[in-house]
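A short reminder: the numbers here are calculations on the coordinates, not readings from a lab. Bear in mind the structure is a predicted one, so any value in this text is a computation, not a measurement. Quick reminder, even Gly has a Cβ in these numbers, built from the backbone with ideal geometry, and neighbours come from all protein chains shown.
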There are 2 protein chains.
Amino acid sequence: MVGGWRRIAGVASTRTVVAVDVGGTETKAALVSGRPAAAVPLAEHRRPTPRRADSGTTVAAVVDLVLYLVEELRREGGREVEAVGVVVPGVVDEERGVGVYSANLGWRDAPFAELLTARTGLPTAFGHDVRAGGLAELRLGAARGHRDALIMPIGTGIAAAIVVGGRVHSAGGYAGELGHIDIGHGEPCGCGQRGCLERVASSAAIARRYTRRSGREVRGAVDVAEAVRAGDQDAVAVWEEAVTALGKALVLACTILGPEVVVLGGGLALARELLTEPLGRRLNELMTFQRPPELRLAELGDGAGRLGAALLALDLLEAR
Amino acid sequence: MVGGWRRIAGVASTRTVVAVDVGGTETKAALVSGRPAAAVPLAEHRRPTPRRADSGTTVAAVVDLVLYLVEELRREGGREVEAVGVVVPGVVDEERGVGVYSANLGWRDAPFAELLTARTGLPTAFGHDVRAGGLAELRLGAARGHRDALIMPIGTGIAAAIVVGGRVHSAGGYAGELGHIDIGHGEPCGCGQRGCLERVASSAAIARRYTRRSGREVRGAVDVAEAVRAGDQDAVAVWEEAVTALGKALVLACTILGPEVVVLGGGLALARELLTEPLGRRLNELMTFQRPPELRLAELGDGAGRLGAALLALDLLEAR
């Protein structure tokens, strides 16, 4: 986050929007001033994401929370808000403005854009957290200047923003489910398939597999990375399995898409060269005729989704 | 081919172009009259594709052949030619107008667009055979009206035209190599990888695997399809392996891309419902959260590449 906001500070601000990233546990909001190519945060807020018994009441509670955040930020910032950008996880159809499905937050076919526009009385852009984060990395971060890219945050789960010809591809919300491609390990996944990348290479999976193998509890993949650096052989084995799985998945994705650059983000990217160096070697070993992508670390941290939400809102104002 | 040309007959013709599809063995050309959304062929020619000892002389011979075909078709059609569209196989960078690599025809980094424009004295569009064929299916064939599609010709090899947001994705020529994704069978491929789809599911592979298994020679996958219909158990086994492999590959591609429609073309699509029915069942079994694509047969036959070349030339005139 810090990197992203810092990079764009000093740019002439022209419009003021509120950007909201509705996460699985926490909702992060910011008052942002800027234009589509740049944005500067004026104030920030965090609240727990509400979760109710059913889809309809959860959606209503999320809309209420956005409304509250818009009012708070408007008041604190002392500026008129011209538009709102909201991003959520799950399957999101940006074109229809619908949250199609979220396993985590429990909604189905929630018409967020319509509800938010009606309740806020402001132009509201609605998007997907990973694709919005990808848009931010594309315009302001590690994928700047590229037309064909893959931006892959690796955290509790794995997904990707697919950039094709300078635009983030959505396919009605179904594109980019890189965490659920079969890389052949055979283990069942919560999605109903077997062999999913996510079961071996997500931050959560790395921590879980390390504990299963070594009997030692860890707080997360960051601890496993630390153990790798200390020469712990269980950690090394689990890490290598994760890197090999990521390598296989990226070879598949690159054979289909041919990106110039692959940006690694999320919690796992905090391991920096411990991730990029062996993964780069693995790609070089596995690829034959394909164009090897440049491997980069994300630059915008966990604020990328919110920054992307701000860009969507600024784009919406620009298009009017 | 016939289907494609027939569909668009009767449309008011506005510009006249020559379209050339340089194939691995044969080069097909047509004089075409039309506009970017439609095209009508006035005359056609076929010649063996020249192949010389090295890249430079092969490229020069191909350029000479295009020149000859343009002159012949101009003479026969009795019309002034306004532009030329040429498509070739291999890795093609449409943006730079370069034939980056063809294993089959032996060239590397051949500046076709520049050479052809200089020699013909006409605006010349240069493209990739599979992507141009995909463009034709998108505008005039089985993918009409869709924004996100995969058009996959299955012949000697397997490749795909990836349509994203209504445009064919190239990635500097590296996109769409669906024949070379690892689906886990472990057999080595000519590309240097193992487990490639093409080794099990191309028309050539199906014929080869049937002969290896049964000891019976066949002319191609069409004969194997015939044997499947007659209840030949070797044929049934080989066909099922191919369908399963295609199913795995399409699940991977759909998990990444989320297309609304998958169009099957090339020689193998001549088997029609013998291909689409079991493949559709396989996709339904394998997919869980993904959006199942509609499976369709290509409508434009083996003239799709040439029709696409005509569309590229008409687009070029339109853009001027």
- Task: Have a look at the DSSP beta bridges in chain A and tell me what percent are antiparallel, nearest 5.
- Result: 65
- Over segment A:146-298, calculate the relative contact order: mean separation of alpha carbon pairs under 8 Å at least 6 apart, over the residue count, as a percent. 25
- Item | segment B:78-234, Cα convex hull volume normalised per residue, Å³ | 177
- Three principal axis lengths of chain B [C-alpha, angstrom, descending]: 56, 44, 35
- Pairing the Cα long axis of helix A:203-214 with the longest principal axis of chain A, what angle in degrees results, from 0 to 90 and rounded to the nearest 10? 30
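Note down the magnitude of the dipole of the protein assembly as shown about its Cα centre, charges +1 on Lys and Arg C-beta and -1 on Asp and Glu C-beta and zero elsewhere, to the nearest 20 debye.
Working: 74 positive and 76 negative charges, 45 e Å.
Dipole of the protein assembly as shown, to the nearest 20 debye: 220 debye.
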- Task: Would you work out which of A:A136, A:V18, B:V98 lies farthest towards the positive end of the dipole of the protein assembly as shown, given +1 charges on the beta-carbon of Lys and Arg and -1 on that of Asp and Glu, about the Cα centre?
- Result: A:V18
- Item | 12 Å Cα-Cα reach of B:K28 towards aspartates and glutamates, excluding residues that sit fewer than 8 places from it in its own chain | B:E44, B:D129, B:D302
- Message: With viscosity set to 0.890 mPa s at 25 °C, what whole-number translational diffusion coefficient in µm²/s follows for segment B:69-144 from Stokes-Einstein and a Kirkwood radius over Cα pairs?
- Response: 181
- Note on the structure: Fewest to most Cβ atoms within 10 Å: B:D21, A:D54, A:D182, A:D315 sort as A:D54, A:D315, A:D182, B:D21
- Between segment A:249-274 and segment B:166-221, the alpha-carbon center distance in angstrom: 26
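Once the mean 1/r over all distinct Cα pairs of segment A:146-298 is inverted, what Kirkwood radius in angstroms do you read off?
15.6
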- Item | Proximal lysines relative to B:K248, as straight alpha-carbon distance under 25 Å, when same-chain residues fewer than 8 apart are discounted | A:K248
- Item | Exam field: B:R281 pseudo-label spacings to other copies (7 Å along Cα-Cβ), nanometres | 4.7
- Message: Taking each pair of distinct Cα atoms in segment B:124-203 once, what is the resulting Kirkwood hydrodynamic radius in Å?
- Response: 13.3
- Query: Where does chain A land at 222 nm, in deg cm²/dmol rounded to the nearest 500, when only DSSP H runs of n ≥ 4 count, each adding -39500 (n - 2.57), divided by all residues?
  - Reply: -13000 deg cm²/dmol
- How high is the relative contact order of chain B, in percent, with contacts defined as C-alpha pairs under 8 Å that are six or more residues apart? 22
- Query: Which GluC sites (Glu not before Pro) from segment A:29-131 combine a DSSP loop assignment with at most 16 other Cβ atoms within 10 Å?
  - Reply: A:E80, A:E95
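Between B:N104 and B:T288, 0.36 nm times their residue separation minus their Cα-Cα distance comes to what? Before the final figure, lay out each step's value.
Working: separation 184, 0.36 × 184 = 66.24 nm, distance 3.89 nm.
Residue separation times 0.36 nm, minus the Cα-Cα distance, leaves 62.4 nm.
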- Using only the Cα atoms of the protein assembly as shown, what do you get for the radius of gyration and for Dmax, in Å? 26.3, 82
- Query: P(r) of segment A:27-115 in 10 Å steps, Cα pairs, percent per bin?
  - Reply: 16, 45, 32, 8
